[in-house]
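Undergrad: One structure follows; several queries about it will come next.
The values are calculated or read from the model by the stated rules, or taken from the named source; none is laboratory data. These numbers come from a predicted model, not from an experiment. Cβ: placed from backbone, ideal geometry, glycine included. Neighbour counts: every protein chain shown. Surface accessibility is based on the protein's heavy atoms, side chains included, excluding ligands, DNA and RNA. Shrake-Rupley method; radii C 1.70, N 1.55, O 1.52, S 1.80 Å.
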Amino acid sequence: MNDEQLHAMRHSLAHITATAVKQLWLHAKFGVGPVVENGFYYDIDIGETKISESDFKKIEKEMRRVVNQDQPFEHSTKQIDDAITWANESDQPYKAELLNDLKRSGTTVAKDLDAGEMGTIADGDSALEEVGFYTNGEFTDLCRGPHVESTGNVGAFKLMRVAGAYWRGNEKNPQMQRLYGVAFATQDELDTYLERLEQAKQRDHRKLGKELDLYTTSQLVGAGLPLFTPRGTVLRDIMAQYSNQLRQQRGFSKVWTPHITKQDLYEASGHWAKFGDELFLVTSQETNDKMALKPMNCPHHTQIYASQPRSYRDMPVRYLETTTDYRDEKTGELGGLNRVRSLTQDDSHVFARPDQIEQEIDGLLASARELYATLDMKLRVRLSYRDDSDAYLGEKSLWESAQAQLKTAVEKNQLDYFEQDGEAAFYGPKIDFMATDAIGREHQVATVQLDFVQPERFKLQYTDDEGSFQTPVMIHCALLGSIERFLSVFIEHTGGWFPLWAAPEQVRILTINDTVLDYVEEIEVVLRDTLLMQPVKYNELRFTRDDRNESLGKKIREATGMKIPVQLIVGPKDKEVREVSVRTQGGEEKVSLDTLSEYLKNV
RNA sequence: GCCGCUUUAGCUCAGUUGGUUAGAGCAACUGUUUUGUAAACAGUAGGUCCACGGUUCGAAUCCGUGAAGCGGCUCCA
């Protein structure tokens, strides 16, 4: 089955789902029912009635009845005005809305429509003459097609879940129920897919976070506020160290800023107007100053830049700060480490002359590439542009030039990219690096952003070679993004088998009996003196010993369960010939104590 | 925030139509065992069944409110 056929099949299943729902709930009103990755969905509004997953059995049963009847999909057309009459008479207000948009603009795609007109009744001339319909059995739907010939030709399917979804993606609109299904040409392929989904759940960072003792949460502390254990903290620190190191090599200096600030700072930056309701507010009992926990760091960094006069000779000025920010995210948006209320950014800001933008962005892109190449992670690059809404500050011509500069930079660096409107920050366009989690969801990690707005708003300056004041450009960059989110994808990417340099516990010595304890002491001296220099410098070896009164089998089982990359097995035979048995994922080999340190540096 | 679902021991999970004192494995603790490649043996202890209300002679179980988590939607500086 080719992609086109698979697409037609999945789309036909969306219609079959609607057919079944209409059969079970006569007054169901329908939104749209498109194909998505691995399946399809249909948006449905049954008024007060809410479908739950316990209804899937009867819906699927009804769907199978429709499939078994092998109803042909019949295409027909209606004049646009007749179609609108049909929608109104069939009590399908959502379809009527779509038809009115079609009549007026020839499209139902929200971003191509005038926002004020969207969903209103279209008067006057039509943008198109007629629209297509498909009918199977008693169910007729506005639809472009294509479909399979008849309902009997739809392969294997399964309803997966039901979710709320705002009509046309706008939270001011009514919320419909979105019924998700997956579908494949054969039962085998469906089973394989479901099995793969189960396997992916084994890599879920929330499961591994608990199993590997990386972080925990507490109802007393609150939602979205993860607590990192000793092991998780090693991971955080080592990743931050690497990220910092990559930029310190390129001339960035560490700075430090406080975690609370007066609101005035964000009023000046423009953040208050846009994100005011997502700030954690603090009031000084002393002065009654309205303060906030910092949700980001760029405004603070501007104040360090502004603290002294800058010459064109000083530029660029590069600041780096890995620090925790606080955002009062809506409860429903929180999830694992991916979206939290306390997020640690490996944040940096370059204040540059316009002629330095290119080299600075090149340097940051090189750092991002180096980091993710070391981690063996392949990321998609998204150029995030503005759209025509009024959500953005600054002059449009500056935006256009900034967007063009970012595009040139990714092309020059030969990054595969895609462009997306409406994804920019309010102050400028972004180059976003997108990582994929265990079940295929994409998350932004690294980002490089060009900003002409904040330097202007904070009246930042430098003196040029003719003695006149100029406004610098800001380049925002985080390589990991938020450390919490980064760890969520990194844990899922590695399945918890971290590279040796990053593993919280790198080496565990497993004893066979207590006749070797003196030899273990000697091994520990060697491990204590072993220093890894790649990719993070001065990375002292993290090791433990397991000399409990337990069987070797049990010790191996536990160490492997904790995904400790190097296990050193030490028994009387090893002691006798001054070797250790080194057990890694690759297998096991004997290494002499004299060469152990070198060996570990090259694992 | 919105829609649907979930919450039982440190962890993973049983627990029938509402019916005595809520169970198991692992982990923990005690004892025995000194062990060569993924779980030694025995015993002991461990619970406000997420919280608070309600229905009932009786609630882990039914209802309400809240919290926390999961899948989406919206949002993401």
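Undergrad: Which GluC sites (Glu not before Pro) in the stretch A:426-523 sit in a loop by DSSP (not H, G, I, E or B) and have at most 15 other Cβ atoms within 10 Å of their own Cβ?
TA: Listed in order of number, the matching sites are A:GLU466.
Undergrad: Which FRET efficiency, nearest 0.05, do A:GLN245 and A:GLU286 yield, Cβ-Cβ r, R0 35 Å?
TA: 0.30
Undergrad: May I pose another question? Counting only residues 5 or more places away or on other chains, whose amide H sits under 5 Å from the amide H of A:ALA425 once H atoms are built in the peptide plane?
TA: Those qualifying (amide H under 5 Å, at least 5 residues apart or on another chain) are A:LYS430.
Undergrad: Using Cα-Cα distances under 8 Å and only pairs 6 or more residues apart, what relative contact order does the stretch A:406-503 have, in percent?
TA: Here the relative contact order equals 22 percent.
Undergrad: Give, in nm to one decimal, the length gained when the segment between A:ALA223 and A:MET562 is fully stretched (0.36 nm per residue of separation minus the Cα-Cα distance).
TA: This chain segment gains 119.4 nm when fully extended.
Undergrad: Around A:HIS476, with a cut-off of 9 angstrom between Cβ atoms, what is the net charge of the other residues, counting Lys and Arg +1 and Asp and Glu -1?
TA: -1
Undergrad: While we're here: So which GluC sites (Glu not before Pro) in the stretch A:223-306 are both in a DSSP loop and have at most 12 other Cβ atoms within 10 Å of their Cβ?
TA: A:GLU286
Undergrad: With the cut-off at 1.5 for a/c, could you classify the stretch A:538-603 from its C-alpha gyration tensor as rounded, prolate or oblate?
TA: It is oblate, given that a/c is not under 1.5 and a/b is not larger than b/c.
Undergrad: Follow-up question, since we're still on this one. Cα axis of helix A:357-374 to longest principal axis of chain A: angle in degrees, 0 to 90, nearest 10?
TA: 80 degrees
Undergrad: Looking at chain A only, what percent of DSSP beta bridges run antiparallel? Nearest 5 please.
TA: 85 percent
Undergrad: Simple spin-label model, 7 Å along Cα-to-Cβ: A:GLU278 to A:GLU411 in nm?
TA: 3.2 nm
Undergrad: On the full set of protein chains, 1.4 Å probe, figure out the accessible area of A:LEU227 and give it in Å² to the nearest 10.
TA: Taking all protein chains as shown, A:LEU227 has close to 70 Å².
Undergrad: Further, regarding this structure: Once both labels are modelled 7 Å past Cα along the beta-carbon direction, what's the A:MET118-A:TYR538 spacing in nm?
TA: For A:MET118 paired with A:TYR538, the spin-label model returns 5.4 nm.
Undergrad: Within the stretch A:548-574, list the residues whose amide N lies under 17 Å from a label point set 7 Å along Cα→Cβ of A:ASP518.
TA: Zone members listed by number: A:571-574.
Undergrad: Which cross-chain or sequence-distant (5 or more) residues have an amide H under 5 Å from the amide H of A:ASP546, H modelled 1.01 Å from N in plane?
TA: Amide H neighbours of A:ASP546: A:ILE509, A:LEU510, A:THR511.
Undergrad: Aspartates and glutamates within cross-link reach of A:LYS554: Cα-Cα under 12 Å, excluding same-chain residues under 8 positions apart?
TA: Here the aspartates and glutamates satisfying the reach criterion relative to A:LYS554 are A:ASP546.
Undergrad: Show me the chymotrypsin sites (Phe, Trp or Tyr not before Pro) within the stretch A:153-259 that DSSP assigns to loop and that have at most 15 other Cβ atoms within 10 Å of their Cβ.
TA: Of the chymotrypsin sites (Phe, Trp or Tyr not before Pro), the ones in loops of the stretch A:153-259 whose Cβ has at most 15 other Cβ atoms within 10 Å are A:TRP256.
Undergrad: In addition: Take peptides A:9-21, A:136-148 and line them up by average Cβ neighbours within 10 Å, highest first, as a rough protection proxy.
TA: A:9-21, A:136-148
Undergrad: A follow-up question, please. Students often get this wrong, so check it: of A:LYS396/A:LYS430; A:LYS29/A:LYS50; A:LYS61/A:LYS95; A:LYS22/A:LYS61, which have C-alpha atoms separated by over 22 Å?
TA: Violating the 22 Å Cα-Cα cut-off are A:LYS61/A:LYS95.
Undergrad: How would chain A be classified by its alpha-carbon gyration tensor: rounded, prolate or oblate, with rounded meaning a/c under 1.5 and the a/b versus b/c comparison settling the rest?
TA: Taking the square roots of the gyration eigenvalues as a ≥ b ≥ c, chain A is oblate.
Undergrad: Could I ask something else about it? Before rounding to the nearest 500, sum -39500 (n - 2.57) across all DSSP H runs of length at least 4 in chain A and divide by the residue total; then give [θ] at 222 nm in deg cm²/dmol.
TA: It lands at -10500 deg cm²/dmol.
Undergrad: Going 7 Å from the Cα of A:GLU130 toward and past its Cβ, which residues in the stretch A:61-78 have a backbone nitrogen under 14 Å from where you end up?
TA: Only A:75-78 pass the distance filter.
Undergrad: Of the listed peptides A:566-572, A:124-130, A:50-56, what is their order by residue-averaged count of other C-beta atoms within 10 Å, with the highest listed first?
TA: The most tightly packed comes first, giving A:566-572, A:50-56, A:124-130.
Undergrad: Let me have the relative contact order for chain A, percent, based on Cα pairs under 8 Å that are six or more residues apart.
TA: 10 percent
Undergrad: For A:THR192 and A:GLU466, FRET efficiency with R0 = 60 Å and r from the beta-carbon atoms, rounded to 0.05?
TA: Computed FRET efficiency for A:GLU466 and A:THR192: 0.30.
Undergrad: Suppose we take every Cα in the stretch A:230-319 and form the convex hull; what volume per residue is that in Å³?
TA: With only Cα atoms used, the stretch A:230-319 gives 146 Å³ per residue.
Undergrad: I need the shape label for the stretch A:27-80. Rule: rounded when a/c is under 1.5, else prolate if a/b > b/c, else oblate, with a, b, c from the alpha carbon gyration tensor.
TA: Verdict is oblate for the stretch A:27-80.
Undergrad: Further, regarding this structure: Angle, helix A:230-248 long axis vs. longest principal axis of chain A, Cα atoms, 0 to 90°, nearest 10?
TA: 90 degrees
Undergrad: Could you work out how much longer the chain between A:ARG578 and A:GLU74 gets when fully extended? Use 0.36 nm per residue separation minus the Cα distance between them, nm to one decimal.
TA: Using 0.36 nm per residue and subtracting the Cα-Cα distance, I get 173.4 nm.
Undergrad: At 0.36 nm per residue, minus the direct Cα-Cα distance, what do A:GLU267 and A:LEU531 gain on full extension? Give it in nm, one decimal, please.
TA: 90.3 nm
Undergrad: Rounded to the nearest 5, what is the percent of antiparallel bridges among the DSSP beta bridges in the stretch A:336-472?
TA: The antiparallel fraction comes to roughly 75 percent.
Undergrad: Distance check, please: which entries in A:LYS207/A:LYS590; A:LYS207/A:LYS537; A:LYS201/A:LYS378; A:LYS57/A:LYS201; A:LYS172/A:LYS274 exceed 27 angstrom between their Cα atoms?
TA: A:LYS207/A:LYS590; A:LYS207/A:LYS537
Undergrad: While we're here: Can you tell me the FRET efficiency between A:ASP362 and A:LYS50 if r is taken as the Cβ-Cβ distance and R0 is 60 Å, rounded to the nearest 0.05?
TA: 0.70
Undergrad: Over chain A, average the accessible area per residue using a 1.4 Å probe and give it in Å², no decimals.
TA: Value for chain A: 49 Å² per residue.
Undergrad: Tell me the carbon and sulfur percent of the accessible area for chain A, rounded to whole percent, probe radius 1.4 Å.
TA: 46 percent
Undergrad: Straight-line reach from A:LYS459: which aspartates and glutamates have a Cα under 20 Å away, not including same-chain ones fewer than 8 places off?
TA: Straight-distance partners of A:LYS459: A:ASP264, A:GLU267, A:ASP314, A:ASP355, A:GLU395, A:ASP451.
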